[in-house]
1. Please pick out the residue among Ala117, Ala128 that is of a type in the set (A, V, I, L, M, F, W, C) and open to solvent by less than 20 Å² (accessible area, probe 1.4 Å).
2. Quick one: which helices (runs of 4 or more DSSP H) sit completely within segment 421-496 and have at least 3 residues that are among the aromatic types (Phe, Trp, Tyr) and at pLDDT 95 or above?
3. All but one of (1) out of contact with any His (no Cβ under 7 Å at 6 or more places or on another chain); (2) open to solvent by 30 Å² or more (accessible area, probe 1.4 Å); (3) farther than 23 Å from Ala157 by Cα; (4) at pLDDT below 95 hold for Gly290; state the number of the condition that does not hold.
4. Looking only at segment 42-63, how many residues end up being open to solvent by 50 Å² or more (accessible area, probe 1.4 Å) and either of a type in the set (D, E, K, R) or without any contact (Cβ under 8 Å) to a residue 12 or more places away in the chain (or both)?
5. Output the number of residues of segment 178-196 satisfying the condition of being within 16 Å of Asp61 (Cβ to Cβ) and open to solvent by less than 10 Å² (accessible area, probe 1.4 Å).
6. Inspect all residues belonging to segment 372-392 and state whether any of them is within 19 Å of Phe437 (Cα to Cα), under 28 Å from the mean Cα position of the chain (by Cα) and surrounded by 14 or more Cβ atoms within 10 Å (Cβ to Cβ).
7. Which condition number in (1) within 24 Å of Leu485 (Cβ to Cβ); (2) under 27 Å from the mean Cα position of the chain (by Cα); (3) not in a strand (DSSP E or B) is the one that Val354 fails?
Amino acid sequence: MKNKVFAILWFVLLAGAIPLSSQTARQSRAADLDLSASPMRPLIETFSLDRGSLLRYYTVDLDPARASRMKRFLTDWRERLNGIDFDAMPQDGKVDYVVFRNYLDHELKKLDFDAKALAETATYTPFAGTILTLEESRKKTSPLKPQEAAAKLTLLAAEIENSRKAVEQQLRTAVGGQVKIVGTRAAANVAVLRNILRSWFSFYENYDPLFTWWASESYQSVETALQGYTAFLRERVAGLRPVTEVAAPAPAGPRGQGGGGQGGGRGQGGGRAAAATAGARAGSTDDIVGNPIGQEALMSELAFEMVPYTPEELIAIANKEFAWCEMEMKRASREMGLGDEWKKALEKVKTMYVEPGKQPELIRELAREAEKFLDDHNLVTVPTIAHETWRMEMMSPDRQLVNPFFTGGETISVSYPVSSMTYEQKMMSMRGNNIPFSRATVFHELIPGHELQGYMAARHRPYRSAVGGTPFVTEGWALYWELLLYDMKFQKTPEDRVGALFWRMHRCARIIFSLNFHLGKMTPNECIDFLVDRVGHERENAVGEVRRSFGGGYGPLYQAAYLLGGMQLYSLRKELVGTGKMTDRQFHDAVLRENRIPIEMLRADLTNQKLTRDYQTTWKFYGGNPGK
C-alpha cells in the first residue's frame, strides 16, 4: 500500500512540474487520476475475470448447463461476501460491497426468471438437448464416433419434423398475442441451435475424413429441417414476414461489459441495431413483437436499480412530468405567436432543418457551442483528450430503421437522409433531426454527456461497471444535462425551448409506454400511436423508436432510465450544490469519478451515508417537477 501511495504522489508531483497554460488544464490533468483504493476492488476484478471465463465457455443462454454453472458460481461468491468484515471497511468499500451484493442477488433471481421463460418455449424445441449434448462433447474434446454421430443426426432430423407437426396441431386451437410472443422467442432459439450445430459440424468436417464420409448427408438434412422450422415458427406461429436468413443473436455478455466504456450502451448501436432489424422494413411494424416481462420481474429489476417505486408510481411521475412539459410548450408557443396550440409550434420547429450534406457541420457547431457554455459557467472538468478525440460517422439506412436520431459516445453517429430513401422517408428524417431538436441533444451524446462519461468511466473505478453498469447513470447522466441546461437557459429562443421540451416529453413517454408494455397494458402499435399523437413524432421515427425499445438489445428498464436517472441526479445536485456543500464543478467531477453504480449508492458515497451489510433502498428522490 505504501508503494502505491508513493507512486501516486510521485505522479502528482511530476504532473505539477509540467508547465500548464491555465487553471482548466491543471483541473483536466487532475481529473485523469484514479485515486480509489477500495478493498473490494480486487475481489470484484477477480469475480469479473472468472465470470468472463465461464461465459466464454458456456455461451448459450438456453443451455441448462450454463444456468446450473452460473447459479453455483454466483452462490459461491454470495457466500464469500458473508465472510467479509463489512464494518471495518472504508466508505467506498462499503458502497462496493452493497453494489456487489445487490448484483449477485439480482443475477440469482434473474436465473429463475430466465428458467421460466425458457420453459415457455421448451415444447417448441424438444430436440434441443441432442444438439447441446453434441456441442458439449466437442468442447470437452470427447472422442467422436463418426457412425454414431451420423445416426444421431438422422434421428435429429426426424425429431425436428415431429416438432413441427406437433406445433401445427397446437395452432388449430391456440389464440391470443402470447402465441406470437412465445413463437418469436422459439424461432430465435431454433436459430441459435442451428448455429450451434453448424459450428459443431464445421469443427469436424474434412479434418476428420471418416466423419465427413458418414455424417455429411445426415447433417444437411438437419440443416434443411432447422432452416425450414425456423421459418415456420416465424411466419406461421409468430406471423412475421419471410426473411432470407435468420441470424442467431450473439451470445449475451455480462451486464455492463459492452461498448468499451463509451456510454455503456449508446455507442453499441451497431450490434443492437443488427438484432433489432431482423425482418424490419420501412413502413411496417410486423416485426415488432417484444417480450413483456410482467409485474414481478419489473419489481425485481427496480430493486436491482435501487429505485423504491412501483411501475405504477413511476408511470404517475411520468404523467406529471408530461403535464409540466405541455405547460412549458404552451408558454413557448405563445412566444412564437401561435397561442396555446403547441403542436403547431412543434410543426414549425420541424421545418428548421439544414439541407442535405450540412448536418455534420451543424453537429460540430452545436457540440462546440455546448462545450463553451460549460467552460463559461465552470460546470465540469473536460480533459483535453476527451475534448480532442470525439469523432463523427454517418448512420447507415438500415440502422436508421432502429435509430431514427443520432447516437453517441466517443463517436457520434449522425442520422440523416440518404439518396436511397423515399421522399417521405427523407422528409421525416430531416424534420426529426432539425436544428432545435439537435441543439437539445448533441451535448447529450458528446460533452458533457456520453463522450465525457465514457472517457472518465474508463479511467475511474472501472471495476464498478462489472457489477453496476446501470442505465440510470449511463443515460441518466446525459439526460440530467438536458434538465440542467434548460434551467440555465442554454436554449435562448422559444424555438430552441420547443426542441428541448420535445425530448423531455419523449423521455416521459418512454417511461409510460415501456412500463405499460411490460405490464401487458400496451401493444407495440399502441406505443407507436402514443408517440405520434401525444409527443408529436414523425410516424416512421416513432416506429424506429419502438422497434429499438423492444428489439431485444435493451433491458426492460432501459428506456425508463433516461428521465428517472436524470431526475435522481437532479435531486442529488439540489441536495449537495443547492445547499452549498459543493460547487457545480465539484459535484459533476465527483459523480463522474464514481463510475456507473446505482445512483442511491453514488449518493451514499458522496454524502458519507451510514450503510449496513444488508442495506435496502429507501431514497424517494422525486419531489416535484425538475423544471421548478
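1. On the way: Ala117 fails: open to solvent by less than 20 Å² (accessible area, probe 1.4 Å).
Answer to the selection: Ala128.
2. Values: elements: 423-432, 435-439, 442-445, 450-457, 471-487.
Where helices (runs of 4 or more DSSP H) fall fully within segment 421-496 and carry at least 3 residues being among the aromatic types (Phe, Trp, Tyr) and at pLDDT 95 or above, they are 471-487.
3. (2)
4. Counting residues in segment 42-63 that are open to solvent by 50 Å² or more (accessible area, probe 1.4 Å) and either of a type in the set (D, E, K, R) or without any contact (Cβ under 8 Å) to a residue 12 or more places away in the chain (or both) gives 8.
5. Within segment 178-196, residues that are within 16 Å of Asp61 (Cβ to Cβ) and open to solvent by less than 10 Å² (accessible area, probe 1.4 Å) number 5.
6. Yes, segment 372-392 contains a residue that is within 19 Å of Phe437 (Cα to Cα), under 28 Å from the mean Cα position of the chain (by Cα) and surrounded by 14 or more Cβ atoms within 10 Å (Cβ to Cβ).
7. In the conditions (1) within 24 Å of Leu485 (Cβ to Cβ); (2) under 27 Å from the mean Cα position of the chain (by Cα); (3) not in a strand (DSSP E or B), Val354 misses (2) alone.
To keep it simple, each residue is scored yes or no on (1) within 27 Å of Gln178 (Cβ to Cβ); (2) touching a Lys or Arg at 6+ places or on another chain (Cβ under 7 Å); (3) in a helix (DSSP H, G or I).
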{"position": "His537", "(1), (2), (3)": "no, no, no"}
{"position": "Ser549", "(1), (2), (3)": "yes, no, yes"}
{"position": "Leu563", "(1), (2), (3)": "no, yes, yes"}
{"position": "Met567", "(1), (2), (3)": "no, no, yes"}
{"position": "Thr579", "(1), (2), (3)": "no, no, no"}
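The values are calculated or read from the model by the stated rules, or taken from the named source; none is laboratory data. Please read all numbers here as calculations on a predicted model, not as lab measurements. Neighbour counts run over all protein chains shown; Cβ positions are idealised from the backbone, glycine included. In case anyone asks, the SASA skips ligands and DNA or RNA and just uses the protein heavy atoms, side chains included. Shrake-Rupley method; radii C 1.70, N 1.55, O 1.52, S 1.80 Å.
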